[in-house]
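Colleague: My questions all concern the structure below.
The values are calculated or read from the model by the stated rules, or taken from the named source; none is laboratory data. As the structure is a prediction and not an experimental result, all values here were calculated from the model. All Cβ positions, even for glycine, are placed from backbone atoms using ideal geometry, and neighbour counts span all protein chains on display.
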Amino acid sequence: MSNSQDQLQKATQRLMEGGLVAFPTETVYGLGADASNLDAVAAIFQAKGRPLDHPVIVHVAPDANLLQWAACIPDPAQRLIDAFWPGPLTLILPKAKNVPYAITGGQETVGLRCPSHPVAQRLLAAFQEQKAGAPAGVAAPSANRFGQVSPTKAQHVLDEFPSLDEKQLFILSGGNADVGIESTIVDVSRVEEGVAPVILRPGHIRADQLEQVLGHPVLAQGQSVSAPRVSGSLKAHYAPRTPLFLVDSDQLAAITDQKAAVVTWVDAPLEVAKQVLAPDQAEKYASQLYAMLRELDDQNYSAIYVQKPPCNEAWAAVNDRLNRAAAAFDV
Ligand code: TXA
Ligand code: MG
């Protein structure tokens, strides 16, 4: 048996026993537990230090019976599933009766996602097989302490939970999470009441791609009344410890703090402690963003200045994460 198969079996066993398993997805690493086991779900919140009223996404295998989780799959939701699953898209749907409120943050909706990362898929398939027809969902927020930068490598997960040993948290590794930022979240829970799908969190799958599949516009958060709670929608989130500031291109030259780090996407030599030239292409930038913030954070610079990326649809998800990281220091 290869080492990775052995690891996979151990991870599956751990989920069956109600334990915590961190696993790679194409977006970021998740901190997973059996979504049907209330004690296991409670352990996720405890480990993350996450408020109990924040819902978690349920991850399922590609051939899962979605009606074990959602009360219905409205036609637009099915079209998005056909187009983008497995992949970095989470759908918010009306929850099925048996779905515990601990998963949904007390709401009547559930977030479902089918990840495309091969290791995540193998884990979900093995877990589903072990569950033998019972609902087999893995509840998994990003594997970081509440409010911190999400992990895109197994090492990041280790760094986030230094006090948990291998028995308390099993880490399944699977290289870098390539997309690098969390899934696009689309609320389709009220489409049958005539409410258009709402993007609750921008991600790798863009609004124009969703609209192309649906054939009509989608709403952005804030354009819809009584949008559900999304912890990723807190203004300050995804923040490093080092103060982070966004600066316009024409302000770069005015940075005189020689203990600071600066991230630019155009080459403009500055007299600072560290200068990082980030990709000028949005998807590559997203792929490297969190690892870059973690590396800079470890070096104890006085501040991290980030050149504002272009303000257009291609950069929407990156701008969203940068704005939230900066908002933590916006006093
Ligand atoms: O890419 C991702 O989505 C990663 C990987 C691990 O799959 N997961 C992730 O989980 O980012 P988390 O918990 O860090 O962020 C999930 C977001 C939260 O903001 C949560 O509030 C929202 O999804 N969410 C989950 N269920 C929801 C629901 N029923 N209604 C509204 N928002 C929901
Ligand atoms: Mg998160």
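Colleague: Take Pro55 and decide whether it is within 13 Å of ligand 1 (Cβ to nearest atom), modelled with pLDDT of 95 or more and more than 18 Å from Gln121 (Cβ to Cβ).
Modeller: yes
Colleague: What residue, of Ala253, Ala291, is in a helix (DSSP H, G or I) and modelled with pLDDT under 95?
Modeller: Ala253
Colleague: Now, a different point. Among the residues of the range 257-288, which ones are outside any loop (DSSP other than H, G, I, E, B), in contact with a strand residue (DSSP E or B) (Cβ under 7 Å, 6 or more places away or on another chain) and exposed (fewer than 15 other Cβ atoms within 10 Å of the Cβ)?
Modeller: Leu277 - this is the single residue of the range 257-288 that is outside any loop (DSSP other than H, G, I, E, B), in contact with a strand residue (DSSP E or B) (Cβ under 7 Å, 6 or more places away or on another chain) and exposed (fewer than 15 other Cβ atoms within 10 Å of the Cβ).
Colleague: For the subset of the range 121-149 comprising residues that are crowded, with 23+ Cβ neighbours inside 10 Å, within 16 Å of ligand 2 (Cβ to nearest atom) and hydrophobic (A, V, I, L, M, F, W, C), which member is farthest from Ala70 (Cα to Cα)?
Modeller: Val149
Colleague: Could you tell me which of the residues Leu31, Leu15 is in a strand (DSSP E or B), in contact with a Phe, Trp or Tyr (Cβ under 9 Å, 6 or more places away or on another chain) and buried (at least 22 other Cβ atoms within 10 Å of the Cβ)?
Modeller: None of the others qualify; the one that does is Leu31.
Colleague: Does any residue of the range 50-57 turn out to be at positive phi, in a loop (DSSP other than H, G, I, E, B) and within 16 Å of ligand 2 (Cβ to nearest atom)?
Modeller: no
Colleague: Also, I was wondering about something else. Just one of Gln46, Gln107, Gln68 is modelled with pLDDT of 95 or more, surrounded by fewer than 20 Cβ atoms within 10 Å (Cβ to Cβ) and either under 18 Å from the mean Cα position of the chain (by Cα) or closer than 24 Å to Ala207 by Cβ (or both); which is it?
Modeller: Answer to the selection: Gln107.
Colleague: Please specify each residue of the range 150-162 satisfying the condition of being within 14 Å of Leu31 (Cβ to Cβ) and either modelled with pLDDT under 95 or more than 16 Å from ligand 2 (Cβ to nearest atom) (or both).
Modeller: Ala154, Leu158
Colleague: May I pose another question? Can you tell me which residue within the range 164-203, out of those that are among the hydroxyl-bearing types (Ser, Thr, Tyr) and either more than 16 Å from ligand 2 (Cβ to nearest atom) or touching a Ser or Thr at 6+ places or on another chain (Cβ under 6 Å) (or both), is farthest from Asp75 (Cα to Cα)?
Modeller: My answer is Ser173.
Colleague: Within the bounds of the range 132-149, is there any residue that is free of Cβ contacts under 8 Å to residues at least 40 places away in the same chain and under 23 Å from Gln288 (Cα atoms)?
Modeller: No - not one qualifying residue is present in the range 132-149.
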